[in-house]
Each structure stands twice: as C-alpha cells, then as structure tokens.
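The values are calculated or read from the model by the stated rules, or taken from the named source; none is laboratory data. Computed from a predicted structure; not experimentally measured. We place every Cβ from the backbone using ideal geometry, glycine too, and count neighbours over all the protein chains shown.
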Amino acid sequence: MKRIWLNAVNLSLLVMLLIPQVHASLDLLAGVEAGIDTNTAMSSVDLDRTQEILSSNDFETKHVWINQHTSTQYQIQLMRSYSYGHYPCLAYQLKIKNGDDVQEKSLDACQHRSGKWISVSPSSMAF
C-alpha cells in the first residue's frame with residue numbers, strides 16, 4: 001500500500017513540475033497551504049514574499065513578516081535542499097501566528113521551470 005501511495009505522490013509531483021508556465025496557477029504556489037482551514041490564508045503579496053524567501057537559499061535566517069491587512073505573522077525557516085530529478089527542492093517550516101492562534105507546518109516545494117516554487121506537500125497534490 002505504501003508503494004502505491006509513493007508512486008501516486010511521485011506521479012503527482014512529476015505532473016505538477018511539467019505543467020507549462022502559463023498553467024502554473026496560484027493554487028500550486030508554495031505557501032498556498034497556509035491557513036487553508038482558518039482565516040490566515042496567504043494573500044498574493046504573502047505568496048510573493050514566500051517565493052522570494054525560497055529563492056534566497058538563506059538557511060541561516062528565520063524570515064518573518066506581518067501582513068498589515070490581516071494582522072497575520074508568517075515565519076519561514078529553510079531546513080534543507082534536495083533535488084527531484086533535475087528540479088531543485090526545499091523542505092521548510094512555516095509558522096503562522098494570528099492573535100493567540102499559532103500553526104506550524106513542515107512543507108516542501110520544488111522549483112518549476114518557470115522559476116516559481118511549487119508546493120509538493122502530499123496534502124496539496126490533486127489530479
């Protein structure tokens with residue numbers, strides 16, 4: 001059963017990475033998983049900031065910013081880099097704070113040929 005799931009995940013990753021640039025939508029951008037079930041979802045400005053941080057390759061810094069419109073604080077810590085075939089990938093921690101509510105997520109993203117970082121967490125993969 002585990003092998004079938006891993007094959008499905010690998011196939012999903014391959015499909016997402018091969019999507020033409022014009023079809024790389026906001027639905028797939030790294031960070032889109034943030035706050036899906038709460039009112040802490042990332043805005044397009046937050047998603048852009050996430051893209052910048054992932055592209056920075058700065059593993060030393062905890063990158064923190066606050067969305068002034070939602071009063072939500074985001075923190076990204078790059079954990080490790082790896083590759084999937086020819087695609088560079090990153091594992092990172094995302095911490096979301098809104099008031100007293102704090103969420104932490106371990107996420108992964110791979111860089112699409114367009115240069116955008118695409119979410120490859122199993123929870124965000126869909127056919």
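When ILE53 is tested against (1) farther than 16 Å from SER43 by Cβ; (2) in a helix (DSSP H, G or I); (3) modelled with pLDDT of 95 or more, exactly one condition is not met: (1).
Among the criteria (1) assigned to a strand (DSSP E or B); (2) surrounded by fewer than 15 Cβ atoms within 10 Å (Cβ to Cβ); (3) touching a residue at least 40 places away in the same chain (Cβ under 8 Å), the one TYR82 does not fulfil is (3).
Restricting the range 52-69 to residues that are in contact (Cβ under 8 Å) with a residue 24 or more places away in the chain and crowded, with 16+ Cβ neighbours inside 10 Å, which is nearest to ILE118 (Cα to Cα)?
Residue satisfying both the conditions and the ranking: LEU54.
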